[in-house]
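Chemist: Have a look at the structure that comes next, please.
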Amino acid sequence: MKQYLFIGALGGLAILGLPGFASPSSTGEGYLDGTVGDTCLLEPLAYGGSNNASLAAGATSSAATIDFTDMVDPATALFKLNNVNITLTVSGYCNYVHSISLQTSTSKFAAQDTGNLPTITSDSFTTEIDYNAVFVWADVTSTFLNTQGQSGVTTSNPGTIAGAYRGTGMLSINLANPNDVNAPLVAGSWSDTLTMQIGAAL
């Protein structure tokens, strides 16, 4: 049995040499690094319910057609008051802090066949209709758009989602009553383009 001798001298303590020991383990560090880009995805719109409107077949993740083909009384060409709307659902996600917004290309649902516009001496016809759109995302965050006959309307209150979100949203569109409810609608095609976006604000 080995013994070690400790010798005290002048109040100090001297330790004679001890044998060395190897370290039982060795540690090295490797750092993992990577980047995930900002990504948003919307699935095709799905029908949720409507009055005098429908979602046309063939909706994709980038385009869909909403038909308001039943918005008038066929006997009078008068607008069906307070009863033209549709609700659509959409699933998707953004993996970062993002916005939701709506934009209309012409700010009105309007007649496109200019050859049918009323003559100068005619009594009034309806040639455009305002509408309201509401986009609800991340359960409680909403953004609104009201065309109000203005040009180039973009939603004034883009919603901000404070983190990544994956789930299902809802888009509701409601056609407003014409300014003159007794004015027949002009014949022909009517249209507008409504853009709904998650990610950067429009």
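Chemist: Kindly report, to the nearest 10 Å², the accessible surface of Val181 as traced by a 1.4 Å probe over protein heavy atoms only.
Modeler: Rounded to the nearest 10, the figure is 60 Å².
Chemist: Which whole-Hz couplings ³J(HN,Hα) result when phi for each residue of region 114-122 is put into the Karplus expression 6.51 cos²θ - 1.76 cosθ + 1.60, θ = phi - 60°, listed in order with x for Gly and Pro?
Modeler: For region 114-122, the Karplus-derived couplings read 4, x, 9, 4, x, 6, 4, 8, 6 Hz, x marking Gly and Pro.
Chemist: Oh, and also: Based on alpha-carbon centroids, what's the gap between region 155-179 and region 71-147 in Å, whole number please?
Modeler: For region 155-179 versus region 71-147, the Cα centre distance is 13 Å.
Chemist: Right, here's the next one. For region 37-81, what size does the Cα cloud have along each of its three principal axes, sorted from largest down, in whole Å?
Modeler: Computed over region 37-81, the largest-to-smallest principal extents equal 55, 19, 15 Å.
Chemist: How large is the accessible surface per residue of region 97-202, computed with a 1.4 Å probe and reported in Å² as a whole number? Intermediate values should be presented prior to the final figure.
Modeler: Details: 5440 Å² over 106 residues.
Using a 1.4 Å probe on heavy atoms only, each residue of region 97-202 averages 51 Å².
Chemist: Would you pull out the residues with amide H under 5 Å of Gly159's amide H, same chain only if 5 or more places away, H placed 1.01 Å from N?
Modeler: Counting only residues 5 or more places away or on other chains, the set is Ile100.
Chemist: Continuing with this model, one more query. How much of the accessible area of region 37-140, in percent, comes from carbon and sulfur atoms when a 1.4 Å probe is used?
Modeler: For region 37-140, the apolar C and S fraction of the accessible surface comes to 50 percent.
The values are calculated or read from the model by the stated rules, or taken from the named source; none is laboratory data. Note that the coordinates shown come from a computational prediction; the quantities given were computed from them, not determined experimentally. In case anyone asks, the SASA skips ligands and DNA or RNA and just uses the protein heavy atoms, side chains included. Shrake-Rupley method; radii C 1.70, N 1.55, O 1.52, S 1.80 Å.
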